[in-house]
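Asks: Starting off with a structure, shown below.
Quick note: the coordinates plus some simple rules give every number you see, no bench work behind them. All values reported here derive from a predicted model rather than from experimental measurement. Cβ placement follows ideal geometry from the backbone for every residue including glycine, while neighbour counts extend to all protein chains displayed.
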Amino acid sequence: MTTLQKAVVYDEVGSPAVLRVAEVPIPSPADERVLIQVRAVGLNPYDAKVLSGRAPRDAAFPRGIGGDVAGVVSAVGAGAVFADGTAVQVGDAVFGWGVNTMREFVIARAANLVRVPEGLSFAQAGSLATPAFAANALVHALALPTSGTILVSGATGMVASLVSQWGVRRGLRVLGTVSARNFDRARALGVVPVEYGPGIEGRLRDALGEDSLAAVYDTVGEETLAAATAAGAKALVTIAGDEVAERFGAISTTTTTRDVAVLADLAADIAAGAISYDVAATFALSDVAAAFDLLENGHPQGKVVLTVS
């Protein structure tokens, strides 16, 4: 194996134009860690915030970027086992999360990885961890009700679409705020679309009819929370931050709790076709700036993913 690899780095915070591909050493895995030959890395809004400086980091430049990852194990450190205690083997197809994953090879803690099930593409697997944990954080903070109607904001987004589909599978009536162009996409998920924007409160009341909102799962912020509160909702959870949550009496949650069992279960459901999880576009490492531009400005209908090898 060559001792160098290609990696996405940047020397200053800024627009996607500051990203470049450099040659960096391929590391060796320490105890309880593995070296992954990367196949796919999903881009997340948090990555864009880090790149722009909106989410400050203390790391020295040049910096790497990326957290989600999927690939094939190429080397194993001593004591490297999955969370269930089984040993990781060279050649295992795995996915999960790490640090600075937009590169050809990356070190990851074995316990942070799950085997890729048959039927799940590397592009899907490599973009799954962050949306899965964010969606799980919402329903962990405010459990899905056993019956009734719920509201999910941004219902065709990757995080919200998972919450929406979990609600539909439970037998709930799911209302989802979406743009008019995404109505068909929402309906395909089993969601009743409610157009966001001015007048949303009236449209939400019309969609509710005689129903009440048993719970609200927000990924957008003030607009949804204001409309839901006006419609009488009492149980609300948001990932929009503590300040907006406090104003509307909502639970504020984050994605700090990472449970690989959630990844394994969700991956199996996607592989079996029970949950829809779309990849909108794939890019090579060398086209990383274009990938970030699509993420931030192109309103992709699914995940944006770097495919590496």
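Asks: Taking 2.2 N^0.38 Å as the expected size of a compact globular protein, what ratio does the Cα radius of gyration of the range 22-67 give against it, to two decimals?
Replies: Details: Rg = 13.1 Å, N = 46, 2.2 N^0.38 = 9.4 Å.
It is 1.39.
Asks: Can you give the Kirkwood hydrodynamic radius of the chain from its Cα pairs, in Å with one decimal? Numbers along the way, then the final one.
Replies: Values: mean 1/r = 0.0496 Å⁻¹.
Mean inverse Cα-Cα distance, inverted, gives 20.2 Å.
Asks: Hey, another quick one. What size of dipole, in debye to the nearest 20, comes out for the chain about its Cα centre when the only charges are +1 on Lys and Arg C-beta atoms and -1 on Asp and Glu C-beta atoms? Don't jump to the answer; show the numbers that get you there.
Replies: Values: 23 positive and 31 negative charges, 50 e Å.
Dipole size: approximately 240 debye.
Asks: Among the DSSP beta bridges whose two residues both lie in the chain, what percent are antiparallel, rounded to the nearest 5? Could the numbers behind the result be given before it?
Replies: On the way: 33 of 54 bridges.
The answer is about 60 percent antiparallel.
Asks: Using all Cα-Cα distances in the range 215-254, what percent lands in each 10 angstrom bin from 0 up to the longest?
Replies: Final binned percentages: 37, 60, 3.
Asks: Report the percentage of all Cα-Cα pairs in the range 64-117 whose separation exceeds 14 Å, rounded to a whole percent. Kindly include the intermediate steps, with their values, before the conclusion.
Replies: Details: 658 of 1431 pairs.
The calculated P(r) of the range 64-117 puts 46 percent of pairs beyond 14 Å.
Asks: Hey, what do the phi angles of the range 30-43 turn into as Karplus ³J(HN,Hα) couplings, whole Hz, using 6.51/-1.76/1.60 and θ = phi - 60°, x for Gly and Pro?
Replies: After applying 6.51 cos²θ - 1.76 cosθ + 1.60, I find 7, 4, 6, 10, 10, 9, 10, 7, 6, 10, 7, 9, x, 8 Hz.
Asks: Let me ask another. If I model a spin label as a point 7 Å beyond the Cα along the Cα-Cβ vector, how far apart are those points for Val81 and Phe61 in nm?
Replies: Taking the simple label geometry, Val81 and Phe61 are separated by 4.4 nm.
Asks: Mind giving me the nanometre distance, one decimal, between the label points for Asp293 and Ser15, set 7 Å out from Cα along Cα→Cβ?
Replies: 0.9 nm
Asks: Under 28 Å from the Cα of Lys49, which lysines turn up, not counting those fewer than eight places away in the same chain?
Replies: Qualifying lysines at Cα under 28 Å: Lys6, Lys303.
Asks: Taking θ = phi - 60°, what integer Hz values does the Karplus form 6.51 cos²θ - 1.76 cosθ + 1.60 yield along the range 103-116, in sequence order, with x for Gly and Pro?
Replies: So the Karplus estimates, Gly and Pro as x, are 6, 7, 9, 9, 8, 9, 5, 4, 5, 8, 10, 9, 5, 6 Hz.
Asks: For the range 173-182, what does the Karplus curve 6.51 cos²θ - 1.76 cosθ + 1.60, with θ = phi - 60°, yield as ³J(HN,Hα) per residue in whole Hz, taken in order and with x for Gly and Pro?
Replies: For the range 173-182, the Karplus curve yields 7, 10, 9, x, 7, 8, 6, 4, 6, 9 Hz.
Asks: Once the piece of chain linking Ala180 and Ser147 is laid out straight, how much longer is it, given 0.36 nm per residue of separation minus the C-alpha distance between them? Please report the intermediate quantities before stating the final value.
Replies: Values: separation 33, 0.36 × 33 = 11.88 nm, distance 2.72 nm.
Length difference between fully extended and current span is 9.2 nm.
Asks: Which residue, Leu204, Leu43, Leu113, has the most motion in a Gaussian network model of the chain that connects Cα atoms within less than 10 Å?
Replies: So, out of Leu204, Leu43, Leu113, the one fluctuating most is Leu204.
Asks: Further, regarding this structure: Largest first and in whole Å, what are the equivalent-ellipsoid semi-axes of the range 1-80 based on the Cα gyration tensor, each being the root of 5 times an eigenvalue? Before the final figure, lay out each step's value.
Replies: Details: eigenvalues 130, 40, 30 Å².
In descending order, the three semi-axes are 25, 14, 12 Å.
Asks: Where Rh denotes the Kirkwood radius from the mean inverse Cα pair distance, what is Rg over Rh for the range 1-158? Display every interim value, and only then the final one.
Replies: Working: Rg = 17.3 Å, Rh = 17.0 Å.
Using only Cα positions, Rg/Rh for the range 1-158 is 1.02.
Asks: Hey, what D do you get for the range 117-200 in µm²/s if you plug the Kirkwood alpha-carbon radius into Stokes-Einstein at 37 °C and 0.692 mPa s?
Replies: On the way: Rh = 13.4 Å.
My calculation gives 245 µm²/s for D.
Asks: GNM on the chain, C-alpha springs below 10 Å: top fluctuator among Glu210, Glu201, Glu12?
Replies: Glu210
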